[in-house]
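Input: a single structure, listed below in structure tokens.
The values are calculated or read from the model by the stated rules, or taken from the named source; none is laboratory data. In this text the structure is predicted, and so the values were computed from the model without any measurement. As a convention, Cβ positions derive from the backbone with ideal geometry for all residues, glycine included, and neighbour counts pool all protein chains shown. For accessibility, only protein heavy atoms count, side chains too; no ligands or nucleic acids. Shrake-Rupley method; radii C 1.70, N 1.55, O 1.52, S 1.80 Å.
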Amino acid sequence: MNRTVVFDTKPYDREQLELASKGSGMEWQFLESRLSVDTAVMAGGASAVCIFVNDHGDRACLEALKALGVGHIALRCAGFNGVDLIAAKELGMSVTRVPAYSPYAVAEHAVALLLALNRKIPRANNRVHDLNFSLNGLVGFDLHGKTAGIVGTGKIGRIAAQILRGFGMRVLAYDPFPSPEWAAVHDIEYTDPRTLATESEVISLHTPLTPETHHMIREETLALMKPGVILVNVSRGALIDTRALIGALKGGRLGGVALDVYEEEEGVFFEDLSGTILHDDDLARLLTFPNVLITAHQAFLTKEALAEIARVTVENLNASSKGLPFLPDTVLVEGARQSP
Ligand code: NAD
């Protein structure tokens with residue numbers, strides 16, 4: 001059996017997965033619903049489920065999937081905070097992900113947000129379309145010569161750091177597992193989190209969401225930052241305590257905040273809610289600040305990244321059904337496998 005139920009499907013997911021699996025005999029069922037304990041039943045008859053960032057693979061959900069005969073959870077994203085890996089292991093289920101579809105896509109989006117926010121491009125564009133060609137209120141600052149702090153120097157953080165070095169910024173970095181060889185090659189200085197917070201004019205977050213990184217940016221951290229700092233988060237919303245962020249924005253100390261992710265994005269980001277009522281008061285408040293720029297979790301959204309996500313996902317689903325090894329570096333939990 002090689003049937004996969006794809007949860008939280010968007011048209012671009014379907015297009016790429018069908019393209020990548022052409023001629024492979026794979027059977028898909030595409031659902032718009034997100035995976036949770038309540039929707040797990042929709043995976044009946046499938047050997048695998050394919051899920052994305054806002055699906056909920058908690059223990060109860062995994063138990064329900066297991067009871068239906070699902071043995072493989074294929075995450076079509078890098079972050080894996082949405083799946084209870086301990087429960088998966090105990091249940092003998094495999095969990096794979098796509099660890100590096102395009103770190104360039106995500107790092108370039110972080111830099112795009114930084115440039116747009118600093119140079120007030122969305123406001124300027126809205127103005128000229130309204131035939132208002134005045135420049136008042138559009139003053140930015142040169143990135144050249146300023147200090148950027150990169151939190152997390154994995155695949156994405158490194159590319160972001162290198163791009164910012166290319167702008168002539170001094171780049172500080174913090175990572176509990178630093179890479180001194182890489183830093184030496186690119187002239188990047190590892191430091192402690194406090195120094196990074198106090199010395200940077202731009203801070204960009206590139207860590208996974210874990211119990212240790214949850215709310216790593218909170219009231220105390222924000223208080224350490226330089227007045228006028230620009231904070232960029234393209235990683236996971238809950239790295240930032242949103243209420244504390246709103247407090248700091250109201251206090252006027254932050255130069256700007258660029259977010260591609262938001263703590264409570266589930267059910268809002270990726271959806272077209274135009275014409276409806278926004279029930280999230282914190283998001284509504286964030287949207288009122290002129291120095292907050294938000295995109296709805298689109299940092300990954302390039303042609304190259306989507307094609308790579310589909311390629312790796314299809315290869316792993318095929319491997320799963322044939323009892324063959326998964327692609328290297330994609331395995332989070334190796335469950336009980338059929339022999340080839
Ligand atoms: P990665 O695993 O290559 O790197 C993460 C780095 O963070 C590692 O070097 C790790 O040591 C470091 N780290 C862990 N805890 C830390 C801490 N407390 N402080 C500082 N650094 C810490 O991951 P990656 O591919 O670079 O991706 C990073 C994150 O980006 C993912 O976990 C995911 O949440 C997010 N992401 C977002 C999008 C998007 O579309 N917005 C797309 C892909 C990934």
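With every protein chain kept in the model, how would you rank LYS10, LYS322, LYS120 by accessible area, 1.4 Å probe, largest at the top?
Details: LYS10 30, LYS322 105, LYS120 55 Å².
Result, largest first: LYS322, LYS120, LYS10.
Accessible area per residue, 1.4 Å probe, Å², for the stretch 41-80: what's the number? The partial results should precede the final answer.
Numbers: 1210 Å² over 40 residues.
Accessible area per residue, the stretch 41-80: 30 Å².
Efficiency by 1/(1 + (r/R0)^6): what FRET value for SER179 and ILE86, r their Cβ-Cβ distance, R0 = 35 Å, to the nearest 0.05?
Values: r = 28 Å, r/R0 = 0.81.
Working from the Cβ atoms, E equals 0.80.
Equivalent ellipsoid semi-axes for the stretch 6-110, as square roots of 5 times the alpha carbon gyration tensor eigenvalues: give them largest first, rounded to whole Å. Before the final figure, lay out each step's value.
On the way: eigenvalues 99, 62, 31 Å².
Semi-axes, largest first: 22, 18, 12 Å.
Want the number for HIS144 to ARG14: 0.36 nm per residue separation, take away the alpha-carbon distance, what's left? Display every interim value, and only then the final one.
Working: separation 130, 0.36 × 130 = 46.80 nm, distance 4.18 nm.
Length gained between HIS144 and ARG14: 42.6 nm.
Please report the orientation-averaged projected area of the stretch 218-340, defined via the convex hull of its C-alpha atoms, in nm².
Over every viewing direction, the Cα hull of the stretch 218-340 projects on average to 10.9 nm².
Starting from the exponent 0.38 and prefactor 2.2 Å, build the expected Rg for the chain from its residue count and divide its actual Cα Rg by it.
Details: Rg = 21.3 Å, N = 340, 2.2 N^0.38 = 20.2 Å.
Ratio of Cα Rg to 2.2 N^0.38 Å: 1.06.
When you count, for each residue, the other Cβ atoms within 10 Å and take the mean per peptide, how do 313-320, 133-140 rank with the highest first? Before the final figure, lay out the partial values.
On the way: 313-320: 22.8, 133-140: 10.0.
Highest to lowest by the protection proxy: 313-320, 133-140.
Considering only GLY45, PHE30, ALA20, whose Cα is most displaced toward the positive end of the charge dipole of the stretch 1-128, charges sitting on Cβ of Lys, Arg (+1) and Asp, Glu (-1)?
ALA20
Given R₀ = 22 Å, FRET efficiency for ASP329-HIS215 by Cβ-Cβ distance, to 0.05? Intermediate values should be presented prior to the final figure.
Numbers: r = 29 Å, r/R0 = 1.30.
E(calc), rounded to 0.05, equals 0.15.
From largest to smallest, what semi-axes in whole angstrom does the stretch 152-203 give when each is the square root of 5 times an eigenvalue of its alpha carbon gyration tensor?
Working: eigenvalues 43, 38, 18 Å².
Its equivalent ellipsoid spans semi-axes of 15, 14, 10 Å.
In whole Hz, with x marking every Gly and Pro, tabulate ³J(HN,Hα) for the stretch 237-247 from phi via Karplus 6.51 cos²θ - 1.76 cosθ + 1.60, θ = phi - 60°.
Those phi angles translate into x, 6, 5, 10, 6, 4, 4, 5, 5, 4, x Hz.
Using a basic spin-label model with each label point 7 Å from the Cα along Cα→Cβ, how many nm lie between ASP282 and ASP187?
4.0 nm
Would you mind classifying the stretch 75-123 by shape? Square roots of the alpha carbon gyration tensor eigenvalues, ordered a ≥ b ≥ c; an a/c under 1.5 is rounded, otherwise it is prolate if a/b is larger than b/c and oblate if not. Don't jump to the answer; show the numbers that get you there.
Working: a/c = 6.08, a/b = 3.20, b/c = 1.90.
Note, shape of the stretch 75-123 comes out prolate.
Under a cut-off of 24 Å between alpha-carbon atoms, report the lysines in cross-link reach of LYS120, not counting same-chain residues fewer than 8 places apart.
Answer for LYS120, where 24 Å is the Cα cut-off: LYS146, LYS226, LYS250, listed by chain and number.
Given the rule -39500 (n - 2.57) for each run of at least 4 DSSP H residues, summed and divided by the residues of the chain, what is its mean residue ellipticity at 222 nm, to the nearest 500 deg cm²/dmol? Please list the in-between numbers first.
Working: 12 runs with 120 residues, N = 340.
Value at 222 nm, helices only, nearest 500: -10500 deg cm²/dmol.
List the aspartates and glutamates whose alpha-carbon lies under 20 Å from that of LYS155, not counting same-chain residues fewer than 8 positions away?
By straight Cα distance, LYS155 reaches GLU108, ASP175, GLU181, ASP187, GLU189, ASP192, GLU212, ASP260, GLU304, GLU308, ASP329.
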